[in-house]
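The values are calculated or read from the model by the stated rules, or taken from the named source; none is laboratory data. Predicted model, so just to flag it, every value in this text is computed and none were measured. FYI the Cβ positions are ideal-geometry reconstructions off the backbone, even for glycines, and counts take in every protein chain you see.
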Amino acid sequence: MDYLTSGGHYQVSSVVESTAIIGIDLNSEGPNKKVVALPEATQGPDTIWSVEPVSTDPGQKFILKCGGLSVYGEGGKIWAGERQEPFLWDIKHFERGGGKDYVLTGEEGIEGWYAEGDVGAQISYRPLIVAPSYPPFYPPTEVFKFTSLRD
């Protein structure tokens, strides 16, 4: 069984910037908040991720929330806010990384999370680069570590 299959609460960090915790920029203006790389020492509800499985099918999708807000990709960026329809994520285990490393894409599997590598930068939502190999290789900018808060 995959580490994320049953859902739960996690802290998410960037593989490219290992000292950055991924969370919500509470200083974002408007109803939607930017999902950004925060300094490692940042703690609080704006850095707690809820991973909710939608089904147990082999092509399982997930709903992500951070700080209680739904997380979605739009306009080339990752946002957190209230939505009428849930945004479904495909979360693939990155077999070449550690046991807790994942690549996140939207339902279509083309666009996904991309970390610029700088603390304070908003996480991008863009077409991912995949090297043609088995298992697939993704650059570190597209890989994120999920650490269970139960561990």
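A few remarks follow.
- Boolean, Leu88 is of a type outside the set (Lys, Arg) and without any contact (Cβ under 8 Å) to a residue 40 or more places away in the chain: yes
- Filtered residues of the stretch 21-45 (kept if touching a residue at least 40 places away in the same chain (Cβ under 8 Å) and loosely packed, with under 12 Cβ neighbours inside 10 Å): Pro31, Pro39
- Applying the criterion of being aromatic (Phe, Trp, Tyr), part of a strand (DSSP E or B) and within 15 Å of the chain's Cα centre (by Cα) to the residues of the stretch 128-146, the residue that is surrounded by the fewest Cβ atoms within 10 Å (Cβ to Cβ) is Phe146.
- Some residue of the stretch 96-112 being touching a Ser or Thr at 6+ places or on another chain (Cβ under 9 Å), buried (at least 19 other Cβ atoms within 10 Å of the Cβ) and without any contact (Cβ under 8 Å) to a residue 40 or more places away in the chain: yes
- Being surrounded by fewer than 17 Cβ atoms within 10 Å (Cβ to Cβ), at pLDDT below 90 and not aliphatic (A, V, I, L, M) is a property that Asp2 has.
- Selection of first residues in the stretch 114-129 that are touching a residue at least 12 places away in the same chain (Cβ under 8 Å) and among the hydroxyl-bearing types (Ser, Thr, Tyr) and of second residues that are part of a loop (DSSP other than H, G, I, E, B) and loosely packed, with under 13 Cβ neighbours inside 10 Å, restricted to Cβ pairs under 8 Å at least 6 apart or on distinct chains, gives the following pairs, ordered by first then second residue: Ser124/Gly76; Tyr125/Gly75; Tyr125/Gly76.
- Complete set of residues in the stretch 18-39 that are in contact with a strand residue (DSSP E or B) (Cβ under 6 Å, 6 or more places away or on another chain) and of a type in the set (Asp, Glu): Asp25
- The condition (being of a type in the set (D, E, K, R), within 19 Å of Gly7 (Cβ to Cβ) and in contact with a Gly (Cβ under 6 Å, 6 or more places away or on another chain)) is satisfied by just one residue among Asp90, Asp46, Asp101: Asp90.
Per-residue answers, yes or no, for (1) in a loop (DSSP other than H, G, I, E, B); (2) under 14 Å from the mean Cα position of the chain (by Cα); (3) among the polar types (S, T, N, Q):
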| residue | (1), (2), (3) |
| --- | --- |
| Ser13 | no, yes, yes |
| Thr42 | yes, no, yes |
| Pro86 | yes, no, no |
| Lys92 | no, yes, no |
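- If you check Glu52, Glu40 for being modelled with pLDDT under 85 and out of contact with any helix residue (DSSP H, G or I) (no Cβ under 9 Å at 6 or more places or on another chain), only one passes: Glu40.
- Every residue from the stretch 111-127 that is modelled with pLDDT under 90 and either of a type in the set (A, V, I, L, M) or within 12 Å of the chain's Cα centre (by Cα) (or both): Val119
Per-residue answers, yes or no, for (1) of a type outside the set (A, V, I, L, M); (2) farther than 16 Å from Phe62 by Cα:
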{"site": "Leu104", "(1), (2)": "no, no"}
{"site": "Gly109", "(1), (2)": "yes, no"}
{"site": "Ala115", "(1), (2)": "no, yes"}
{"site": "Val119", "(1), (2)": "no, yes"}
{"site": "Pro139", "(1), (2)": "yes, yes"}
{"site": "Phe144", "(1), (2)": "yes, no"}
